[in-house]
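Structure first, commentary second.
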Amino acid sequence: MMGFWSSKSGISSKYSYSSSPTFIAEPWNVYTGRLKSNSSSSIPRKVSVFIFDKKQFENYLLRYNIIKSRSSSHDKKLIQEGYDILRDQVNNLAKLKHPNILTLVEPLEEHSKNFIFVTEYVTGSLGTIFSSDDTDEQDFLKGHIKEDIVIQRGILQIVNALDFIHNKASSVHLSIDPNAVLINENSDWKVSGLGYLFKLPQGTNTADYYFPQYDPRTPRFMSLNLDYTAPELVYENTVSCKNDYFSLGLLMNFLYNGKNVLLKTENSASQYKDEYKRLEKKISSMSWDNVFNKMPPKLKSCIPKLMTRDIYSRYDDITEFADSEFFHDPLIKVLNFLDGLPTKSNEEKVVFLDGLVDLLPQFPNIILQKKILPVLLELMNLLCTENPVDKRCINKNLEIVLKIGATVSQLSFSEKILAVMSDESNFKILLENATDTLVDNLETLKDRTKNHYFIGTILNPLLTYTLQDNTSDNTIAVQEKILSKIDLILYSYDFIKVKNFLLPLLSKLFVTTTSLTIKISCVGCFYTMVDRSSIDKVTCQEDILPLFKTMKTRDAKILVKSLALFEIVPKLIKDDETLVDQLLPLLWSYSMTSTLGKTDYMKFVKIINKLSSDIQKDHVTKLNDGPSISNMESSKGFTKIIQENETPKREDPDQVASRSVTAPVMNPKKKLTLSETVAPPIYPTRATAGSSFQYPQMPQSKNRYGSNTNRSTITNGDARSLRTVNKSDSRHDYRDNENEEDDDDFDSFVSSTHTSSTPNNIIASPMEASTVPVMRTTSPGSLPPGFSTSLLTPNKKDTLASTMNGSTSTSGSLI
């Protein structure tokens, strides 16, 4: 983004301008400026600020030894001569007021460091735009300025400016070159560079002119540009208006060649003479047409009259060149008339605008957008303020504006066109007086406007006015046009907007209109809405179908149109009862109308039969899905009714998940003491029949009480250690000692958590049987989720009883 800066006095207090120049028109740096908000509104907000750096100029003269110092009188004189030329440039702009001469906005301000003045906004000079060494980017940005019609019109604008300078100001420009012609944002060419403007003596057409002698190294603005100077000035020192004709011929050659290929003088008078002699020889040997071969044929024929060496053989007046065939192009005449359009009568405006519509395709986009469009937008503002409003003129004007609008971007359309159209007072006038044009160009308005802005600013007011409030003579024609654009309207609206805004408007119009054409168009809109599913089945059932029940018209055209709608309704409404209650009665009622012919009647019959057949098939299918309740026994029917409405019982997901828990349960173990780690000897008493297994004898050892103990280990499948603790009959009897009862109770709990893998045919010894409790078998199904048999703690009484009785566990041998 371009940065802006400002100071606190003069021009800088009223304007802010860019920190870097937009372009250079020697010797000025040209900046884009903007009027500050608190300044006068009569001044255009966008301007160009011209700045000349005095310090840079003086340092240049010192660096190249053109001056020795700033204090000597000779050097001061040279510096002041340069400043005088700059002052003359600006002062002459203030004196000469013409549409094709650069408009001065703020006069010259002189500061210690610079000169500064303000003009209308310009985008560049011919020197920057038509230079042959443009980069691709510059050429792209400059766009279509090089179009033939643009150049043709620009040359005519220069001619008009010279006509004013010669014939009204009695002066000679003398400095017509690419840097002296600037271009504004509307592609208008503006003459400037008036530092050498020469006032002719009264009553004469010529005068003497003497060139100041400067060092060739001085800045070019301090002397005439000899590359574009007439030979009589150099050879005879004669000044006349015809000097500018020659300069204009050289400038036109530059425009069509991109560079000056005729005179390359390096601003030296002697070299100029040599270059001009070569040019004369070239012309005499090749002819004018061949030397200026890149120019249009109609322009080449004018070149000798502009550039011949004999000034008396040139045009007597610049207006003769303006009347040449080169400028007789209809497009040029249109643009010339366009400049004065606001001052013409409305009749002239209508005739002109009618012809302009046909010529629009011949204009390049740059002219349409930058020249014609601004004038027409200004005219629109003017027409909307008139009382009474000229409908023909405002319709034609809006039509051309929207046609040009189709060639611009969405951003440009919003900033330039929509800003004028959507003005509160303007849009009301356009809505009431140019409704046809708005409807005809609805596609352009949608494409070039953001959807939410298009709906709120244009479409909603246009539909409301056209379908509801319009009472003009062409109401029916406009309503038919806008109803024909139902696809675009539906594409713009969402479901809610269709239901709450568009459908009520259409329904009201359908009911109230007396025009059969509009009723048929409304039916067509309903058809599109149903076919595109822009509404739901409830809206169709409650809002659209009832309209046809109350419709009194029985004209065959609208009945046949309604039939097309009724045919697609079943695609939206699937409920057979609704079709039977609402749609079939309408079909039968309409089909029996006497206004229908046989062909149309058969169309109704075909649709009725198809719809009835589809409904019957659907109903039969439903009946075949299950037995009828009336055919069941009363008890079965009752049960079926109850079960159909029964809600399935929901299970607790945590309870369901607990059933699948497979993690092993932790088994508590008693920490054994030193005495408990030594097992007493095991003596088998008997074996079951057929068993040859005998307990092995283990080595004896003394326990801490002095009794003998031994160990035995039996392995069956997985290795498991079987321990037996020998306790004293007198000191450790659990039946006599209460403390021992608690210990044995814990032992029994620990033992119950292990499943024995010992063979069932092994019988424990009496001592063994007396110390191990019986494990109770519990059905897994009777336990709550998450519990297992191994976690159940044996009841003390059951343990004692089983021990007294010498019972064994059903799950295997106990140790």
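For the reader, a short list of remarks on this structure follows.
- The residue list Leu251, Leu255 contains one member that is modelled with pLDDT of 90 or more, in the same structural domain as Ile283 (by TED's automatic domain parsing), part of a helix (DSSP H, G or I) and out of contact with any strand residue (DSSP E or B) (no Cβ under 8 Å at 6 or more places or on another chain), which is Leu255.
- Val90 touching a Leu at 6+ places or on another chain (Cβ under 9 Å) and either on the phi < 0 side of the Ramachandran plot or in a strand (DSSP E or B) (or both): yes
- Strands (runs of 3 or more DSSP E) completely within the range 149-220 that count 1 or more residues being under 17 Å from Ser247 (Cα atoms) and within 55 Å of the chain's Cα centre (by Cα): 181-184, 189-191
- Residue in the range 506-517 that is nearest to Ser492 (Cα to Cα), counting only those that are under 40 Å from the mean Cα position of the chain (by Cα) and crowded, with 16+ Cβ neighbours inside 10 Å: Leu506
- Residue match in the range 602-617 (condition: among the aliphatic types (A, V, I, L, M), farther than 30 Å from Thr513 by Cα and either surrounded by 10 or more Cβ atoms within 10 Å (Cβ to Cβ) or modelled with pLDDT of 90 or more (or both)): yes
- Residue match in the range 54-74 (condition: touching a residue at least 12 places away in the same chain (Cβ under 8 Å), aliphatic (A, V, I, L, M), assigned by TED's automatic domain parsing to the domain that holds Ser170 and within 20 Å of Ile11 (Cα to Cα)): no
- Applying the condition of being surrounded by 12 or more Cβ atoms within 10 Å (Cβ to Cβ) and among the β-branched types (Val, Ile, Thr) to the range 202-222 and asking which residue is farthest from Glu236 (Cα to Cα) yields Thr218.
- Test: Ile51 is farther than 30 Å from Gly340 by Cα, surrounded by 15 or more Cβ atoms within 10 Å (Cβ to Cβ) and assigned by TED's automatic domain parsing to the domain that holds Lys14: yes
- Answer residue from the range 2-30, given it is closer than 25 Å to Leu194 by Cα and aliphatic (A, V, I, L, M) and is modelled with the highest pLDDT among those: Val30
- Among the residues of the range 125-152, those identified as modelled with pLDDT of 85 or more and in contact with a Phe, Trp or Tyr (Cβ under 8 Å, 6 or more places away or on another chain) are Ser125, Leu126, Thr128, Ile149, Ile151, Gln152.
Listed here are the residues, each with its yes/no results for (1) within 20 Å of Ile404 (Cα to Cα); (2) surrounded by 14 or more Cβ atoms within 10 Å (Cβ to Cβ); (3) small (Gly, Ala, Ser); (4) in contact (Cβ under 8 Å) with a residue 60 or more places away in the chain.
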| site | (1), (2), (3), (4) |
| --- | --- |
| Glu432 | no, yes, no, no |
| Arg448 | yes, yes, no, no |
| Gly456 | no, no, yes, no |
| Pro461 | no, yes, no, no |
| Asn470 | no, yes, no, no |
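- Tally of residues being β-branched (Val, Ile, Thr) and closer than 17 Å to Phe337 by Cβ across the range 366-391: 3
- Helices (runs of 4 or more DSSP H) wholly inside the range 272-323 containing at least 1 residues that are among the β-branched types (Val, Ile, Thr), surrounded by 13 or more Cβ atoms within 10 Å (Cβ to Cβ) and in the same structural domain as Gly249 (by TED's automatic domain parsing): 288-291, 303-307, 318-322
- Of all residues in the range 384-425, those satisfying the criterion of being surrounded by fewer than 19 Cβ atoms within 10 Å (Cβ to Cβ) and among the polar types (S, T, N, Q) are Thr385, Asn387, Thr407, Ser409, Gln410, Ser412, Ser414, Ser422, Ser425.
- Among the residues of the range 529-574, those identified as hydroxyl-bearing (Ser, Thr, Tyr), under 41 Å from the mean Cα position of the chain (by Cα) and not in a helix (DSSP H, G or I) are Ser533, Ser534.
- Only one of the listed residues (Asp317, Asp310, Asp323) is more than 20 Å from Phe254 (Cβ to Cβ) and touching a residue at least 12 places away in the same chain (Cβ under 8 Å). That residue is Asp317.
The values are calculated or read from the model by the stated rules, or taken from the named source; none is laboratory data. As the structure is a computational prediction, the values presented were derived from the model and not from experiment. Neighbour counts are summed over all protein chains in view; Cβ atoms, including those assigned to glycine, are modelled from backbone coordinates with ideal geometry.
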